[in-house]
Amino acid sequence: MCVTCGCGGKNSVVEGEQKSAHTHDHHHDHHHSHAPRVSPSRIVQIERDILSKNDHLAFHNRKHLAERGILALNLVSSPGSGKTTLLARTATDLADLMPMTVIEGDQQTTLDAERIRATGVEAIQINTGKGCHLDADMVRRALDTLKLKTGGVLFIENVGNLVCPAAFDLGEAAKVAILSVTEGEDKPLKYPDMFQAAQLMILNKSDLLPYVPFDVEKCIEYARRVNPNIEVLQLSAQTGDGLEAWYDWITTQRTLIKKTAEADGE
Amino acid sequence: MHEMSLAEGVVQIIEDQAKSQDFERVITVWLEIGELSHVSPEAITFCFEAVAKGTIADGAIVEIIRTPGQAWCYDCEAEIQVPSLIDPCPKCGGFKVQVTKGQDMRVREVEVE
């Protein structure tokens, strides 16, 4: 990330982005001298959140989305939990019911965005390069590139990583943590930051429960230790079991966003 | 390595302040890192030293101020101290606790010349 403007810098790439749209009127090298000074030292009070720049950009993303009545969900999980399969299935099943857009985050490749586009839903890929998480600036750049329809749903599939994305607000309405039953039920205790930040935990690959030693009750208990208010859904994106509850949850969240947008518009 | 992004954030805040507060070199940086925050002091110190190279904070000493974790226990209806996100209420042993303090990551102040 460029430390002067926070533009996301040389590493991250947003698919389809018009580079010229983001003008750069400063240089990235340093022109000041490091000559020794004789003046005495002094203390300067700063008192600023380290994430203040990201949080400021996230605030604007949230405002941009709220003004359009768009529900934005930040999907977080370890790699291989089935986020993209769930999104591809959701995109297919809800295609006639609501406008949807997907932002895909991965270190490399546009494979996930292509999987989503194959369903007919618009998707844009962000490649973070060496980065381990999406940040609010990357999402801002994606929003500038996308032309979102009002009242729809924006799914942001974060980089598969149960640690780093927890700290970075993207401007979403909610974080959704996805945990597959082929992982350990103790993940919420091992990676508490993420489950504390999430509003909903999805237990995916439920069709494999007969074959794996995953204790659903214990997992839910662990998740509620770190987040007493976390909601839980159990489903299989592969077989379709439990998807209705996921779609109902999305519908409920959309209603809340619309009500907020209407109240703000009055 | 989200610590690297956070360290970049620290340098950016310092560089912004350098313009408005008129300083050219940073000697010491005091960071407040809550015990329940998303970063360990060792990791952010290590990353800061790397990211600060070639900036006005090059070679600056990082001093960490740890703030304790606090939470609200719904059952005790009281403010409690918690050492991590997975510990129970020390009074009742329950887990109906909501973190209220100790997640901050802030740049408190800098010693400059």
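What follows draws every value from the coordinates through simple rules; no lab data is involved. Here the structure is a predicted model, which means the values were calculated and not measured. FYI the Cβ positions are ideal-geometry reconstructions off the backbone, even for glycines, and counts take in every protein chain you see.
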| request: Go through the stretch A:36-70 and give me each residue that's outside any helix (DSSP H, G or I) and either within 18 Å of A:ILE156 (Cβ to Cβ) or basic (Lys, Arg) (or both). | output: A:ARG37, A:ARG42, A:ARG48, A:LEU51, A:ARG68, A:GLY69, A:ILE70
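Matching residues to (1) within 13 Å of chain A (Cβ to nearest Cβ); (2) within 30 Å of A:ILE43 (Cβ to Cβ); (3) among the acidic types (Asp, Glu):
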site	(1), (2), (3)
B:PRO68	no, yes, no
B:ALA71	yes, no, no
B:PRO88	yes, no, no
B:GLY102	yes, yes, no
B:GLU109	yes, yes, yes
| Within the stretch A:147-266, which helices (runs of 4 or more DSSP H) (wholly inside it) include 3 or more residues that are farther than 22 Å from A:GLY80 by Cα, under 19 Å from the mean Cα position of the chain (by Cα) and among the β-branched types (Val, Ile, Thr)? | A:243-265
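Quick check on the stretch B:48-105: of everything there that is of a type in the set (S, T, N, Q) and outside any loop (DSSP other than H, G, I, E, B), which residue is farthest from A:ASN227 (Cα to Cα)?
That would be B:THR67.
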| task | Starting from residues that are touching a residue at least 24 places away in the same chain (Cβ under 8 Å) and among the small types (Gly, Ala, Ser), keep the ones in the stretch A:114-138 and report whichever is surrounded by the fewest Cβ atoms within 10 Å (Cβ to Cβ). | result | A:GLY120
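Restricting to the stretch A:71-83, what's the tally of residues that are part of a helix (DSSP H, G or I) and over 13 Å from the mean Cα position of the chain (by Cα)?
0
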| said: Within the stretch A:131-165, take every residue that is charged (D, E, K, R) and in contact with a helix residue (DSSP H, G or I) (Cβ under 6 Å, 6 or more places away or on another chain) and give me the one that is farthest from the other protein chains (Cβ to nearest Cβ). | reply: A:GLU157
| query | Looking only at the stretch B:66-97, which residues are exposed (fewer than 14 other Cβ atoms within 10 Å of the Cβ), in contact (Cβ under 8 Å) with a residue 12 or more places away in the chain and either over 30 Å from B:GLU109 (Cβ atoms) or touching a strand residue (DSSP E or B) at 6+ places or on another chain (Cβ under 8 Å) (or both)? | reply | B:ARG66, B:PRO68, B:ASP75, B:ALA78, B:GLU79, B:LYS91
| Which numbered condition trips up B:GLY59, out of (1) surrounded by fewer than 14 Cβ atoms within 10 Å (Cβ to Cβ); (2) farther than 21 Å from B:ILE14 by Cβ; (3) within 10 Å of chain A (Cβ to nearest Cβ)? | (2)
| task | Look through A:ILE103, A:ILE126 and report the one residue that is in contact with a Gly (Cβ under 7 Å, 6 or more places away or on another chain) and more than 14 Å from chain B (Cβ to nearest Cβ). | result | A:ILE126
| task | Working only within the stretch B:5-39, note down all residues that are surrounded by fewer than 23 Cβ atoms within 10 Å (Cβ to Cβ), more than 8 Å from chain A (Cβ to nearest Cβ), out of contact with any strand residue (DSSP E or B) (no Cβ under 8 Å at 6 or more places or on another chain) and within 26 Å of A:LEU134 (Cβ to Cβ). | result | B:ASP16
| request: Answer yes if at least one residue in the stretch B:68-84 is β-branched (Val, Ile, Thr), closer than 26 Å to A:CYS164 by Cβ and touching a Leu at 6+ places or on another chain (Cβ under 9 Å), and no otherwise. | output: yes
| request: Identify the residue in the stretch A:42-73 that is touching a residue at least 40 places away in the same chain (Cβ under 8 Å) and in contact with a Lys or Arg (Cβ under 6 Å, 6 or more places away or on another chain) and, among all such residues, is farthest from the other protein chains (Cβ to nearest Cβ). | output: A:GLY69
